[in-house]
1. Going through Glu133, Glu126 one at a time, which residue ends up being of a type in the set (Asp, Glu), surrounded by fewer than 19 Cβ atoms within 10 Å (Cβ to Cβ) and at pLDDT 95 or above?
2. Quickly run through the range 238-252 and pick out the residues that are among the aliphatic types (A, V, I, L, M) and buried (at least 24 other Cβ atoms within 10 Å of the Cβ).
3. Would you be able to say whether some residue in the range 52-74 is at pLDDT below 80, hydroxyl-bearing (Ser, Thr, Tyr) and either assigned to a loop (DSSP other than H, G, I, E, B) or surrounded by 13 or more Cβ atoms within 10 Å (Cβ to Cβ) (or both)?
4. Would the range 158-177 turn up any residue that is surrounded by fewer than 13 Cβ atoms within 10 Å (Cβ to Cβ) and in contact with a strand residue (DSSP E or B) (Cβ under 9 Å, 6 or more places away or on another chain)?
5. Name the pairs whose Cβ atoms lie under 6 Å apart, with the first residue in the range 195-219 and on the phi < 0 side of the Ramachandran plot and hydroxyl-bearing (Ser, Thr, Tyr), the second modelled with pLDDT under 95 and surrounded by fewer than 16 Cβ atoms within 10 Å (Cβ to Cβ), and 6 or more positions between them or separate chains?
6. Quick one: which of Arg145, Arg149 is of a type outside the set (A, V, I, L, M), at pLDDT below 95 and surrounded by 16 or more Cβ atoms within 10 Å (Cβ to Cβ)?
7. So Glu166 ticks every box in (1) part of a helix (DSSP H, G or I); (2) under 18 Å from Gly302 (Cα atoms); (3) touching a Gly at 6+ places or on another chain (Cβ under 6 Å); (4) not polar (S, T, N, Q) but one. Which box is left unticked?
8. From the set of residues in the range 19-37 that are in a helix (DSSP H, G or I) and in contact with a strand residue (DSSP E or B) (Cβ under 9 Å, 6 or more places away or on another chain), which is nearest to Leu244 (Cα to Cα)?
Amino acid sequence: MNINASNLDGLFKTFQIKFSDAQKAANARAFPNDVLAEDVAIVFNCGGSATQHSWLEQLHGIHEWVGDRVLNNAKLGKLTVVNRDFENTVQISRNEIEDDQYGVYAPLIAMMGADAENLWKKLAIEALLGNGEWADGNPFFCSGRTMGRSTFTNASTAAFSKGAVEDAIAAIRAWTLYGGEPGEVRPDVLLVGPSLEASAKLVCEADLVSDGTTTVSNVSPAKALKVRVSQKLVGDHANEWYVLGDKNGVKSVGLQKRKLPELTRLDASKDENVFMTNNFLYGVHARGEGFLTLPFLAYKGGAASVDAWSEK
């Protein structure tokens with residue numbers, strides 16, 4: 001290839017197509033139960049370096065209006081989520097472009113596109129596994145959290161079983177809002193790692209169950225859950241499992257998308273990297289963060305230990 005602006009523009013367009021096609025493919029499930037970001041997270045398109053999520057305090061349900069409006073006096077604190085920067089860079093020798101060897105880099109560019117799109121799923125799962133400090137100063141997953149009129153536990157050391165999953169569903173469904181109205185959370189996802197996938201499918205998808213002597217229809221509330229599998233739930237996290245819910249479109253994980261992944265280039269003769277090292281650079285930059293939203297939307301099982309909630 002003759003190294004000129006027109007040919008480099010054409011090469012970059014080819015790379016962009018590879019990158020974009022890989023992003024689209026990453027949004028499809030390679031296996032039927034693979035988890036996608038949309039399964040567990042609600043997206044917030046935000047501006048600025050950080051977002052303060054004061055909406056977490058507004059947990060009243062609608063009720064009869066008698067006298068003055070009832071104002072929410074709950075003081076949970078405000079959750080401030082700071083966006084992080086993410087990058088990925090590929091270096092290609094100018095000589096390889098000149099010698100028409102650029103085709104061997106197309107799969108690498110495609111991999112960059114897939115990794116860039118998978119960033120949001122990665123941040124969502126990392127938020128769940130990280131169990132960071134919530135707005136009230138306690139870990140998101142803990143026991144005995146007091147919120148309004150309710151005390152709520154959303155974590156357990158219980159190993160995965162049909163009964164443990166049903167207990168988690170019951171805990172989520174029992175939550176009430178600050179005004180005393182039912183929370184009406186809809187548990188809809190059972191998130192597990194590869195080692196628990198088969199067991200989870202038996203609990204959630206089997207039409208018949210047996211106690212060893214009698215076979216009956218599976219009427220467990222767990223049948224309403226979709227089994228989703230994350231490759232992040234391995235090693236120290238292999239025995240963890242999560243029941244995740246939805247309330248009017250709000251999910252247990254929030255994703256701040258400050259800047260979507262974009263493929264950029266430094267391949268002009270005047271660029272310092274080309275002049276000094278004879279290499280072209282193609283890179284991706286994205287900004288964002290994952291965080292946990294409302295504790296009554298999620299339940300963690302198989303925890304190594306569970307912290308007790310305390311007044312802060």
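1. Glu126
2. If we filter the range 238-252 for residues that are among the aliphatic types (A, V, I, L, M), which is where we start, we get 238, 243-244, 250.
Answer for the range 238-252, where residues must be among the aliphatic types (A, V, I, L, M) and buried (at least 24 other Cβ atoms within 10 Å of the Cβ): Val243, Leu244.
3. So the first thing to find is which residues in the range 52-74 are at pLDDT below 80, and the list is 52-74.
After this cut, where a residue has to be hydroxyl-bearing (Ser, Thr, Tyr) as well, the list is 54.
Subset that is either assigned to a loop (DSSP other than H, G, I, E, B) or surrounded by 13 or more Cβ atoms within 10 Å (Cβ to Cβ) (or both): 54.
Taking every residue of the range 52-74 in turn, at least one turns out to be at pLDDT below 80, hydroxyl-bearing (Ser, Thr, Tyr) and either assigned to a loop (DSSP other than H, G, I, E, B) or surrounded by 13 or more Cβ atoms within 10 Å (Cβ to Cβ) (or both).
4. Looking through the range 158-177, at least one residue is surrounded by fewer than 13 Cβ atoms within 10 Å (Cβ to Cβ) and in contact with a strand residue (DSSP E or B) (Cβ under 9 Å, 6 or more places away or on another chain).
5. Note: pairs meeting the criteria are Thr215/Leu208.
6. Working: Arg149 fails: surrounded by 16 or more Cβ atoms within 10 Å (Cβ to Cβ).
Arg145 is the lone residue from the list that is of a type outside the set (A, V, I, L, M), at pLDDT below 95 and surrounded by 16 or more Cβ atoms within 10 Å (Cβ to Cβ).
7. (3)
8. Residues of the range 19-37 in a helix (DSSP H, G or I): 19-26, 37.
Next cut, in contact with a strand residue (DSSP E or B) (Cβ under 9 Å, 6 or more places away or on another chain) only: 19-20, 23, 37.
Numbers: Phe19: 32, Ser20: 30, Gln23: 26, Ala37: 13 Å.
Ranking the qualifying residues of the range 19-37, first place goes to Ala37.
The values are calculated or read from the model by the stated rules, or taken from the named source; none is laboratory data. Here the structure is a predicted model, which is why all the values come from computation and not from measurement. Glycine gets a Cβ as well: all are built from the backbone with ideal geometry, and neighbour counts include every protein chain shown.
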